[in-house]
Structures are given as C-alpha cells and as structure tokens.
Amino acid sequence: MRSPSTVLRRASALFLALLAGPALAGPATAGPPTATGGPTAPGDVRQLDSVIPAPMQTTADTRANFRLGPATLIRTQFGSAEARRVGEHLAGVLRPATGYPLPVVPAASSRPFGITLLLGGADARVGRGGYQLDVTRSGVTIRATSGEGLFNGAQTLRQLLPAAVESSERSRRTWTVPGGRIVDQPRFGYRGAMLDLARHFHTPTEIRTYIDLISQYKVNHLHLHLSDDQGWRIQIDSWPRLTTVGGGPGTGVDGVGPGYLTKAEYRALNAYAAARYVTIVPEIDMPGHTNAAQSTYAELNCDGVAVPPRTDIAVGYSSLCVEDELTYTFVEDVIRELAAMTPGPYLHIGGDEAHATTDEQYRTFMDRVIPMVARYGKRAFGWHEIAKVSPPTSVVPQYWGTGATDASVAAAAARGNKVLMSPANRTYLDMKYDRSTPLGLSWAGLIEVRDAYDWDPATRLPGVGEESILGVEAPLWSETLRSIDDIEFMAFPRLPAIAELGWSTPQTHDWESFRQRLAQQAPRWTAQEVNFYRSPQVPWVD
Ligand code: TNX
C-alpha cells in the first residue's frame with residue numbers, strides 16, 4: 001500500500017542526500033570515486049537480459065561490471081537541454097536510495113566514466129526510440145538519436161541496478177551494473193495504457209503515479225477516457241456545467257466517483273507525462289456513452305428534456321441527437337477546447353457501443369465529426385466500430401473485440417488505416433485474473449498473466465499484420481476500481497506483459513523467460529510500494 005506521504009518521503013530523502021553530498025556516503029561500501037568492477041556478492045548483480053521489456057540484443061561481459069559510487073557523475077550530451085533533462089530525471093530516481101549526489105554535468109568527452117548520456121554514435125539499428133547501452137568497468141554509456149531513446153535507455157539502466165534502488169529509503173550497499181552491451185529498439189511506435197476517469201475519477205496525483213509506473217516499462221502513451229454515461233471529467237469553458245454538474249457530487253459508478261480535471265491540471269499532467277516521454281491521448285466518447293452530458297444539458301437531447309443521471313454500469317443506451325445542429329456546435333466546442341489544451345497529436349472520439357444510434361445515424365455523425373478533429377490539428381482515434389464508416393486513412397481504429405476475425409477492421413487495414421490493438425480478452429486490465437479476484441469484471445474472460453502475454457499482435461486479426469499495426473494498448477476500465485491501490489493491483493503484473501508485446505521483437509518472445517524476469521520485478525514493486533497481484537503462474541522472488 002502506498003501511504004499518502006510516499007511522495008513527501010521521497011522528496012525529503014532526496015533533499016537530505018543533496019544537502020549531505022558525498023559526506024553521507026559510507027566509506028567501505030561505496031568504492032573508489034570513479035568506481036571499479038570487482039567481486040560482488042552473488043545476487044547483487046543483475047543479468048543484462050533480465051530486463052522488461054526484453055531488449056533486442058544483449059551481450060554480457062561479466063568482467064566489465066560497473067559500480068556506482070559517491071563521486072559518480074551523470075554526464076549528458078554537451079549543449080543538449082533535452083539530454084540534460086533526461087539526466088536530471090535519472091538522477092532523481094537514483095539519488096534517494098543510493099544517497100549519492102550524482103551531479104548532472106555536461107559531457108566534455110565521450111570517455112566512459114560515470115553515467116554518460118549521448119546523442120549520436122549509437123548502433124544504426126536503434127532508430128528513434130531505441131538506444132545502445134554499454135557497461136564497462138569505468139562507466140555506463142547510453143547512446144541514442146533522441147531524448148526519447150536516452151530516456152528508454154535510462155529505464156533499462158534502472159532495472160540493471162539492484163531492486164533497492166527503487167526505494168525512497170537510503171540503503172548502504174554496493175550498486176553494481178552488469179557489464180556488456182545492449183542494443184535495443186521498439187517493435188511498435190505506440191505502446192499505450194488507458195485510465196477510465198469517467199466511471200471513477202482518478203486524481204492528478206494518482207495519474208502521475210501511473211505515468212511513473214508505466215513509463216518504466218517504456219509505455220509511451222496514456223489514453224485518458226474523460227467522459228462517459230456516469231461522469232464528465234474535463235473542464236470545457238463553453239459548456240461549464242459539464243464538470244460542475246456532470247462531474248460533480250454524486251457522479252461515477254454508485255455515485256462515489258466524482259471529480260474532474262481543470263484545464264490547468266490537464267495541462268500540468270501533459271507536461272509531467274512529456275517529461276517522461278509519455279503522450280496523453282484524450283478521449284471524449286460519442287455519439288454513445290454520453291449520458292452525463294445529456295443529463296446536464298437538456299438541449300443535447302432530441303426531445304429537449306434532460307435524461308436522469310446514471311450511476312449503474314449498463315452500456316449502449318445513450319446517444320447524442322444526431323439530427324440536431326446544436327449537437328455539432330457542442331461537439332465542435334469540445335473538440336476545439338480539448339485540442340487547444342492537448343500538445344499530443346491524437347484525439348480519441350470513442351464511437352463504441354452506440355447501440356441507441358442506427359448505422360445510418362452513426363455514419364452521419366462520424367462523417368461530420370472526423371473532419372472536425374483534423375480541422376483542429378489532431379489525428380482521430382476511435383474504438384474499432386469507427387472502421388465501419390470507412391474513415392480516412394489517418395483515422396486509427398482501436399480494436400477491442402474478442403472474436404477471431406473482424407471484416408471492417410481488416411478492410412480498414414487494407415485501405416491503409418493503422419490499427420491499435422487492444423483485444424479485450426488479452427489486454428483489458430479490468431478483467432479478473434481468476435474467479436476469486438476481488439476487483440474487476442469478466443465479460444471478456446478471465447485474464448491470467450500468461451493470457452495477457454502469450455499472443456502476437458501481428459497475428460491476432462487476419463488482414464491486420466505487422467505493417468498495419470500502430471501499436472498495442474492496455475485499457476483499464478474503472479467500474480470496480482476506486483483507489484490507486486486498485487489500479488496497481490489490476491495493472492501489475494499484466495501491464496508489463498502488454499508493454500513487452502509493444503516493445504520487444506517477436507524473436508525474444510518466450511513465456512518461460514518472461515515469467516522468470518517478471519518474478520524479479522517483485523522486489524522493485526515492493527520498494528516502490530506498488531500493490532501487485534502475486535499470480536501463481538510466476539515464481540516470485542522476494
Ligand atoms: C466495454 S471497451 C466498454 C466500456 C466498458 C468496458 C468494461 C469499450 C470500447 N467499451 O464501456 O467500461 O467494456 O470492461
């Protein structure tokens with residue numbers, strides 16, 4: 001369980017470490033300033049290939065271990081503010097547990113000492129999001145072509161250090177990084193997670209915690225489901241009661257999930273995410289899943305009468321009034337304001353389970369709304385039902401089905417649309433693990449860790465192969481979830497499984513290897529106070 005003071009405790013540990021500087025470091029455990037390799041107790045040194053998601057290529061050199069010490073510097077690409085920011089982020093992660101000051105300084109040379117983050121000089125295979133990580137006795141060097149690649153390399157480095165490095169408490173011990181080289185590259189550009197703020201609101205603090213957790217596994221998109229029948233969670237100035245009423249007291253499932261993001265909070269979340277190379281994808285679900293808006297504004301109903309608010313978990317009964325011009329004024333106002341406060345390139349318009357809308361109405365609605373998204377400079381995502389309207393190839397259908405085939409999604413792929421893969425019986429983190437799971441639903445099946453891991457996004461749907469796939473996303477619907485502890489319990493350990501499917505080359509796919517690597521994450525989650533599910537399929541180590 002994460003106590004509310006965790007963040008504060010982390011901050012004060014960092015403050016103390018900074019104040020004390022090298023003087024706080026223990027003499028015997030720390031090793032000489034620029035660090036050396038040398039014998040370390042077994043179990044202290046991690047394996048290069050123990051990382052999640054599995055790296056493309058690892059070459060171990062057990063004689064080349066590097067030991068962090070009290071004088072270790074984090075040296076970043078000379079002249080690059082972005083490399084410096086990644087260096088500061090890494091220092092912020094490593095300082096509390098090590099107690100080392102780890103000053104971030106410009107790299108004056110590429111001589112390997114300390115931790116060095118360089119833009120350029122990496123193996124050509126790393127592409128944009130990948131990196132090369134070299135560990136020798138004198139230092140760790142991460143090379144990439146972008147800040148994103150450096151950040152991803154830094155997440156690998158965290159996992160190469162002992163699990164205690166994730167603690168907010170200082171421990172006096174050796175901090176050894178295993179020697180060798182990793183060359184790594186993502187399989188898909190989009191690795192996603194989704195939080196549902198509509199059924200139960202999650203606070204900015206909780207969302208930040210989730211961003212921290214997912215970005216460790218190189219997940220680089222966070223989709224926020226911001227409106228649904230039970231609540232509206234994002235401030236829109238031209239329709240102010242959406243939040244004060246539609247997100248106000250009594251909203252959410254069972255009436256116990258009220259709240260909303262102000263524009264300032266939403267902007268701050270985008271900045272927090274961007275600093276971790278996570279892009280926020282905001283979703284307004286329409287034309288169905290709109291009861292919160294229609295119970296707040298009578299004029300959004302065809303008969304001009306406001307529907308009663310709903311706090312149950314039924315789906316498919318609501319619809320905006322497709323024939324009414326005012327509907328499009330409303331939708332355009334929302335899209336305009338949301339696009340203006342969203343730095344990322346995408347805007348998700350939902351489109352699922354519009355059972356109260358005929359096919360013809362659905363098409364009329366989408367034919368009006370999809371071009372609006374483009375007009376405000378964004379690329380539209382929709383749940384996969386959107387494929388039925390043959391949308392422009394810029395539109396990304398998000399496949400959430402459970403069937404073996406989907407003709408309209410395959411046809412969209414054939415026309416050139418990229419597809420985001422979220423098959424519900426593999427990636428829905430709100431499905432129960434087994435019958436005894438206290439939280440979650442089971443309409444798409446029970447999803448144990450192996451079910452979440454053991455499939456291939458590129459062979460899941462006939463007609464939707466590797467080239468048609470934008471990436472993989474793990475949605476977490478919150479009908480049954482309230483707290484961050486609930487979120488963590490459903491996401492861990494399945495979120496890392498989906499992250500690996502999105503990042504790692506299929507050549508590394510191996511359930512036996514994955515469950516062994518997953519087992520080693522347990523002490524990291526314990527150090528981070530993550531509430532995770534101890535699946536019986538995983539040989540957990542403590
Ligand atoms: C289906 S998946 C929904 C959501 C529910 C979810 C619960 C999708 C696009 N729609 O409205 O929250 O199932 O698992």
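The values are calculated or read from the model by the stated rules, or taken from the named source; none is laboratory data. In this text the structure is predicted, and so the values were computed from the model without any measurement. Quick reminder, even Gly has a Cβ in these numbers, built from the backbone with ideal geometry, and neighbours come from all protein chains shown. Accessible surface is based on the protein model in full, side chains and every heavy atom, while ligands, DNA and RNA are left aside. Shrake-Rupley method; radii C 1.70, N 1.55, O 1.52, S 1.80 Å.
Here is a list of conditions, (1) in a helix (DSSP H, G or I); (2) among the charged types (D, E, K, R); (3) at pLDDT below 95, and ARG515 meets all of them except one; can you say which number that is?
Answer for ARG515: the failing condition is (3).
Step by step: first the residues of segment 168-206, then only those that are over 16 Å from the mean Cα position of the chain (by Cα) and aliphatic (A, V, I, L, M), then the one that is farthest from the ligand (Cβ to nearest atom). Which residue is that?
Step by step, filter segment 168-206, then rank; the result is VAL177.
Which residue, of GLY114, GLY149, GLY99, is farther than 25 Å from ALA271 by Cβ, of a type outside the set (A, V, I, L, M, F, W, C), in contact with a strand residue (DSSP E or B) (Cβ under 6 Å, 6 or more places away or on another chain) and outside the structural domain of GLN521 (by TED's automatic domain parsing)?
Selected residue: GLY114, the only one of GLY114, GLY149, GLY99 that is farther than 25 Å from ALA271 by Cβ, of a type outside the set (A, V, I, L, M, F, W, C), in contact with a strand residue (DSSP E or B) (Cβ under 6 Å, 6 or more places away or on another chain) and outside the structural domain of GLN521 (by TED's automatic domain parsing).
Any residue in segment 343-362 that is free of Cβ contacts under 8 Å to residues at least 12 places away in the same chain, farther than 21 Å from HIS289 by Cα and assigned to a loop (DSSP other than H, G, I, E, B)?
No; the residues of segment 343-362 include none that is free of Cβ contacts under 8 Å to residues at least 12 places away in the same chain, farther than 21 Å from HIS289 by Cα and assigned to a loop (DSSP other than H, G, I, E, B).
With SER436, SER478 as the choices, which residue is hydroxyl-bearing (Ser, Thr, Tyr) and within 16 Å of the ligand (Cβ to nearest atom)?
The unique qualifying residue is SER478.
What number goes with the only condition from (1) of a type outside the set (Phe, Trp, Tyr); (2) in a helix (DSSP H, G or I); (3) free of Cβ contacts under 8 Å to residues at least 60 places away in the same chain; (4) open to solvent by 30 Å² or more (accessible area, probe 1.4 Å) that THR526 does not pass?
That leaves (3) as the condition not met.
Restricting to segment 195-251, name every residue that is of a type in the set (Asp, Glu) and either over 30 Å from ARG158 (Cα atoms) or free of Cβ contacts under 8 Å to residues at least 40 places away in the same chain (or both).
Correct list: ASP228, ASP229, ASP237.
Scan the strands (runs of 3 or more DSSP E) fully inside segment 66-166 and keep the ones with 3 or more residues being of a type in the set (Val, Ile, Thr), open to solvent by less than 10 Å² (accessible area, probe 1.4 Å) and on the phi < 0 side of the Ramachandran plot.
139-144
If the requirement is being in contact with a helix residue (DSSP H, G or I) (Cβ under 6 Å, 6 or more places away or on another chain), open to solvent by less than 10 Å² (accessible area, probe 1.4 Å) and within 27 Å of GLU529 (Cα to Cα), which of these qualifies: TYR217, TYR210?
So the residue among TYR217, TYR210 that is in contact with a helix residue (DSSP H, G or I) (Cβ under 6 Å, 6 or more places away or on another chain), open to solvent by less than 10 Å² (accessible area, probe 1.4 Å) and within 27 Å of GLU529 (Cα to Cα) is TYR217.
Quick check: anything in segment 326-337 among the basic types (Lys, Arg) and surrounded by 18 or more Cβ atoms within 10 Å (Cβ to Cβ)?
Scanning segment 326-337, I find no residue that is among the basic types (Lys, Arg) and surrounded by 18 or more Cβ atoms within 10 Å (Cβ to Cβ), so the answer is no.
Looking for something more than 16 Å from the ligand (Cβ to nearest atom), in the same structural domain as VAL472 (by TED's automatic domain parsing) and under 27 Å from the mean Cα position of the chain (by Cα) - is there at least one such residue anywhere in segment 394-404?
The answer is yes, given that some residue of segment 394-404 is more than 16 Å from the ligand (Cβ to nearest atom), in the same structural domain as VAL472 (by TED's automatic domain parsing) and under 27 Å from the mean Cα position of the chain (by Cα).
Against the definition (outside any helix (DSSP H, G or I) and in the same structural domain as PRO475 (by TED's automatic domain parsing)), how does ARG336 come out, yes or no?
So ARG336 fails the test.
Can you go through ALA444, ALA452, ALA424, ALA412 and tell me which one is within 12 Å of the ligand (Cβ to nearest atom) and open to solvent by less than 10 Å² (accessible area, probe 1.4 Å)?
Result: ALA424 is the single residue among ALA444, ALA452, ALA424, ALA412 that is within 12 Å of the ligand (Cβ to nearest atom) and open to solvent by less than 10 Å² (accessible area, probe 1.4 Å).
Listed here are the residues, each with its yes/no results for (1) assigned to a loop (DSSP other than H, G, I, E, B); (2) touching a residue at least 40 places away in the same chain (Cβ under 8 Å); (3) under 18 Å from HIS384 (Cβ atoms).
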| site | (1), (2), (3) |
| --- | --- |
| TRP455 | yes, yes, yes |
| LEU470 | no, yes, yes |
| PRO475 | no, yes, yes |
| SER478 | yes, yes, no |
| ARG482 | yes, yes, no |
| ILE487 | no, yes, no |
| MET490 | no, yes, no |
| LEU495 | no, yes, no |
| GLU500 | no, yes, no |
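Among the residues of segment 321-368, what is the count of those that are more than 16 Å from the ligand (Cβ to nearest atom) and over 27 Å from the mean Cα position of the chain (by Cα)?
22
Taking LEU242, is it under 22 Å from HIS289 (Cβ atoms) and part of a helix (DSSP H, G or I)?
Yes: the conditions hold for LEU242.
Here is a list: THR402, THR437. Which entry is outside any strand (DSSP E or B), loosely packed, with under 15 Cβ neighbours inside 10 Å and out of contact with any Lys or Arg (no Cβ under 8 Å at 6 or more places or on another chain)?
THR402
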